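Read-outs throughout are calculated quantities, based only on the coordinates presented, and are distinct from any laboratory measurement. Just so we're clear, the structure is a prediction, and the values are computed from it rather than from any experiment. Cβ placement follows ideal geometry from the backbone for every residue including glycine, while neighbour counts extend to all protein chains displayed.
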Amino acid sequence: MALSFEAKKAVVAEVSEIAANAYSVVGAEYRGLTVAELSELRAKARESGVYMRVVPNNLARRSVQGTEFECLSDSLVGPLILGFSQEDLGSAARVMGDFAKGNDKLVIKMLALSGELLPPSQLAAVAALPTRDEALAQLMAVMKAPVEKLARTLNEPHAKLVRTFAALKDQKEAA
């Protein structure tokens, strides 16, 4: 059933709003997937904070106009499902990549990040990007390390003195 003009405008408005706030987008060809497999993919996407939508290519081109994902316009060919990361940079890449490993009918066709169109071979690199919480934990570990090392360094002369006295005590007791 074809979409009415009003329905098309609503789809474009919805996808435009999502694209404007997304961190990255992954496009994959879903030809040959069953409804159950697509439902499973969508469920995993919802759990990970990824907005997934099958959008006709003309509407998708209109939707990404004026966003940082305008670079996708020339790549929108064939039956595509688009996944927009809404929580962190790599969530859509992780969901699509994990699903594609178990199902060879899902073929990653495009990947866009920060206004740049990347080849599908970069999917693993984008999927490996840390989440916000992981990045904050790494930053805090890097910030905490010099302070811990300073504290250990300042404490070491006293600890060495105590160990020396303990060794002398043990030596006198043994004699």
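Size of the dipole of the stretch 106-175 about the Cα centre, Lys and Arg at +1 and Asp and Glu at -1 on the beta carbon, nothing else charged, in debye to 20?
Using only the charged Cβ atoms, the result is roughly 260 debye.
Enumerate the amide H contacts of Ser24 below 5 Å, restricted to partners 5 or more residues apart or on another chain; note that Pro and chain-start residues carry no placed amide H.
The answer is Ser85.
Among Ala43, Met140, Ala100, pick out the residue whose Cα is farthest towards the positive end of the charge dipole of the chain, where Lys and Arg carry +1 and Asp and Glu carry -1 on C-beta, about the Cα centre.
Farthest along the dipole direction, towards plus: Met140.
A 29 angstrom limit on the alpha carbon distance is what I want to check against. Which of Lys8/Lys109; Lys44/Lys109; Lys9/Lys109; Lys9/Lys105 exceed it?
Long pairs (Cα-Cα over 29 Å): Lys9/Lys105.
HN-Hα J couplings of the stretch 84-93 from phi, Karplus 6.51/-1.76/1.60, θ = phi - 60°, integer Hz, Gly and Pro as x?
9, 6, 10, 10, 8, 4, x, 5, 5, 5
Averaging over every viewing direction, what projected area does the convex hull of the Cα atoms of the chain cover, in nm²?
16.5
How big is the stretch 117-175 along each principal axis, measuring the range of its Cα positions in Å and listing the largest first?
The Cα atoms of the stretch 117-175 stretch 76, 22, 15 Å along the principal axes, largest first.
At a Cα cut-off below 20 Å, give the lysines reachable from Lys160, other chains included and same-chain residues fewer than 8 away excluded.
Within the straight-line limit of under 20 Å, Lys160 reaches these lysines: Lys149, Lys169, Lys172.
Can you tell me the 0 to 90 degree angle between the C-alpha axis of helix 35-47 and the longest principal axis of the chain, rounded to 10?
Result, in degrees: 40.
Which angle between 0 and 90 degrees, to the nearest 10, do you get for helix 132-174 versus the longest principal axis of the chain when only C-alpha atoms count?
Long axis of 132-174 versus the principal axis of the chain: about 20 degrees.
Quick check for me: using +1 on Lys/Arg Cβ and -1 on Asp/Glu Cβ, what's the dipole size of the chain about its Cα centre, in debye to the nearest 20?
Using only the charged Cβ atoms, the result is roughly 380 debye.
Can you spot the aspartates and glutamates whose alpha carbon is less than 20 Å from Lys144's alpha carbon? Ignore those fewer than 8 places along the same chain.
By straight Cα distance, Lys144 reaches Asp133, Glu134, Glu156.
Sum -39500 (n - 2.57) across every DSSP H segment of at least 4 residues in the chain, then divide by the residue count to get the 222 nm mean residue ellipticity, nearest 500.
It lands at -18500 deg cm²/dmol.
Multiplying the sequence separation of Gln171 and Ala2 by 0.36 nm and subtracting their Cα-Cα distance, what value in nm do you get?
That works out to 51.5 nm of additional length.
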